[in-house]
Amino acid sequence: MGRYLLIVISLIFIIILGACNNLDNMNPLKTKWPDHSKESMMMGHGHHNHNMPLDSSTGENELQIPPILKSDKKVGNDVYYTIEAQKGKTEIFKGIETETLGYNSSFLGPVLKLKKGQTAHIKLKNSLDEETTFHWHGLIVAGDADGGPHDVIQPGEEKEIIFDVQQDAATLWFHPHPLGNTAKQVYEGLAGLMYIEDDMDNPYVYGENDFPLIIQDRTFNEQKQFDYRAVRDPDGTMGETLLINGTVNPRLTVNKEQVRLRLLNGSNMRNYTFKLSNNQSFEQIASDGGLLNEPVELTELQLTPAERAEIVIDFSNIQKNEDVKLVMDDGTVLLPFNVNDEENNVQKEIQKPQNPITITEKEMQQEVSKEIVLFGMMHHVTINGKKFDMNRIDFTQKVGETEVWEIYNKPDMMGGMIHPFHLHGTQFKVISINGEEPPENLQGYKDTISLDPGDKAKIAVKFEEPGIYMYHCHILEHEDNGMMGQVKVE
Ligand code: C2O
Ligand code: CU
Ligand code: CU
């Protein structure tokens, strides 16, 4: 009898597993591009219900391009800026005011452009009616300027931070990081871009053939307002409305030339797999931390929350009125392109990084000295079996010393889910994923790495500056639920 029961139970278990189509998640020999079609198979399994469809863009609104932030003053290499977190009202839908948050504006923020070698003085002002912090995602910076949950600025208060810009050209971003309240503040509009430039030439021109795309999904209520509390999902909040740079139903007008797009997945939890509707290939030229050694030709590219990629699309052979769109792998339209007559056949120089990235033989052979296990879902998410505690230092590391961290996304009974792992204050190198060489477009500097259930990645981590740094899952609700730890660097 007991044996019969056991057989029945295991049968049911196998059926559930099969229905979730999760067996392939555990296959360590996964192909170059993770297959995320299983997400849509998870419907009906309660907490793995991560398949909220996204509405296609109708293309009725030209994409808004964030302004470049003007400095307050410049004295030699010292440059001064003010960044203010504020509340406001934004006309996202015609004739309707939505209550939003933004930096130096009612919604989202300007591009903060800094140059390697500069000393940045940034005055941070909190004009919200709640606590916030200003975190520089991807920036190599000392812990006390990093804007993690320790660096709270009270409503009405301000503070100045000073740091030297020491990294090569990259597309970074900034967002709030208050303990337990990051997801809501980002959701309501607090996110901006930070461009680092160096001495290398950029043949592209901002707003002309070099565009940022901050990609986010939101749910608006009937009054076209955000109601984060009402829609909050402890496993990551999705929405059915797409916003790119805060524009609903966006389209982008381009000339017949090579165009550089800087993609940021600024969503709380949604993953995007980007492609072109005509299946044309494109080149990825940069990852989170800057230019790749060589451009990588792709037809599809996945970004999980907080990841960035810079891609170059060649529109020079596209006929006017030919229908080309940036779409997701399931066909959802993200951004229709409106291709102008204007030609610009000047081939833009392929950009190379100032300092090419290499993984040394020593790094390849080095022992793992820190193990990170990501586990769970909803309110039960943990790292190494623990929830975040601001008063607990989980790891220590020495300034300037490279250590190999192993990050493991441990599957659960239901298979588990993707966790994008992010580390503050540095850019790391991916040594291997499941023992294999990472795909070419991950062979660049990264600050966030996507892990499928069962995946194990080895990364080489070096901090240039001292301080206490966070590492966490960048599904913002997981972060808020305690899927975060801290490393003290001295
Ligand atoms: Cu994008 Cu801890 O942050
Ligand atoms: Cu960060
Ligand atoms: Cu997570």
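The values are calculated or read from the model by the stated rules, or taken from the named source; none is laboratory data. Predicted model, so just to flag it, every value in this text is computed and none were measured. Because the Cβ atoms are built from the backbone with ideal geometry, glycine has one as well, and the counts that use them run over all protein chains shown. Ligands, DNA and RNA are stripped out before the accessible areas are found, and what is left, the full protein with its side chains, is counted by its heavy atoms. Shrake-Rupley method; radii C 1.70, N 1.55, O 1.52, S 1.80 Å.
Things to note:
- Taking all Cα pairs closer than 8 Å and separated by 6 or more residues, the relative contact order of the chain comes to 16 percent.
- Beta bridges by DSSP in region 366-463, antiparallel share as percent, to the nearest 5: 75 percent
- A straight chain from Lys94 to Asn345 at 0.36 nm per residue would run longer than the Cα-Cα distance by 86.6 nm.
- Share of carbon and sulfur in the accessible heavy-atom surface of the chain [1.4 Å probe, %]: 49 percent
- Hz values of 3J(HN,Hα) by residue in region 243-251 - Karplus curve (6.51, -1.76, 1.60), Gly and Pro given as x: 10, 10, 6, x, 8, 8, 6, x, 9
- Average accessible surface for the chain: 41 Å² per residue, computed with a 1.4 Å probe over protein heavy atoms with every protein chain in place.
- Ratio Rg/Rh [Cα only; Rh per Kirkwood] for region 88-221: 0.98
- Taking θ as phi - 60° and the Karplus parameters 6.51, -1.76 and 1.60, the scalar couplings of region 90-103 work out to 10, 8, 7, 9, 3, x, 10, 9, 9, 6, 9, 10, x, 9 Hz in sequence order, x denoting glycine and proline.
- Taking 0.36 nm per residue of separation and subtracting the current Cα-Cα distance, fully stretching the chain between Asp72 and Asn391 would add 111.2 nm.
- Relative contact order, whole percent, for region 305-380 stands at 19, derived from Cα pairs under 8 Å and 6 or more residues apart.
- With all pairs of separate Cα atoms included, region 231-320 yields a Kirkwood hydrodynamic radius of 14.6 Å.
- Zone of Gln365's modelled label, taken as backbone nitrogen in region 389-403 under 18 Å from a point 7 Å along Cα→Cβ: 402-403
- At the residue level, Arg232 shows approximately 80 square angstrom of accessible surface with a 1.4 angstrom probe and all protein chains present.
- Burial ranking of peptide ranges 484-490, 355-361, 323-329 (average Cβ count within 10 Å, highest at the top): 484-490, 323-329, 355-361
- P(r), alpha carbons of region 447-488 - 5 Å bins starting at zero, rounded %: 6, 17, 23, 29, 18, 7, 1
- One chain, two ends: Asn317 and Lys398. Fully extended at 0.36 nm per residue, the span grows by 24.0 nm beyond their Cα-Cα distance.
- Coil-residue GluC sites (Glu not before Pro) of region 377-448, DSSP, other Cβ within 10 Å capped at 12: Glu401
- Shown for the chain is the translational diffusion coefficient from the Stokes-Einstein equation, using the Kirkwood radius over Cα pairs, a temperature of 4 °C and a viscosity of 1.567 mPa s: 56 µm²/s.
- Whole-Hz Karplus values for region 361-376 come out as 4, 4, 5, 4, 8, 4, 5, 5, 10, 9, 10, 10, 10, 8, 8, x Hz, taken residue by residue from phi with 6.51 cos²θ - 1.76 cosθ + 1.60 and θ = phi - 60°; glycine and proline positions read x.
- Neighbours of Gln366, meaning other residues whose beta-carbon lies under 13 angstrom from its beta-carbon, give a summed charge of -1 when Lys and Arg score +1 and Asp and Glu score -1.
- Other residues lying with their Cβ under 14 Å from the Cβ of Glu342 contribute a combined charge of -2, Lys and Arg counting +1, Asp and Glu -1.
- The amide H of Gln302, built 1.01 Å from its N in the peptide plane, has Phe274 as neighbours under 5 Å, considering only residues 5 or more places off or on other chains.
- Charged neighbours of His135, selected by a Cβ distance under 10 Å, balance to -2 (K, R count +1; D, E count -1).
- Filter on Lys116/Lys429; Lys184/Lys386; Lys115/Lys184; Lys125/Lys488; Lys370/Lys410; Lys74/Lys348 - keep pairs with C-alpha separation over 25 Å: Lys115/Lys184; Lys125/Lys488; Lys74/Lys348
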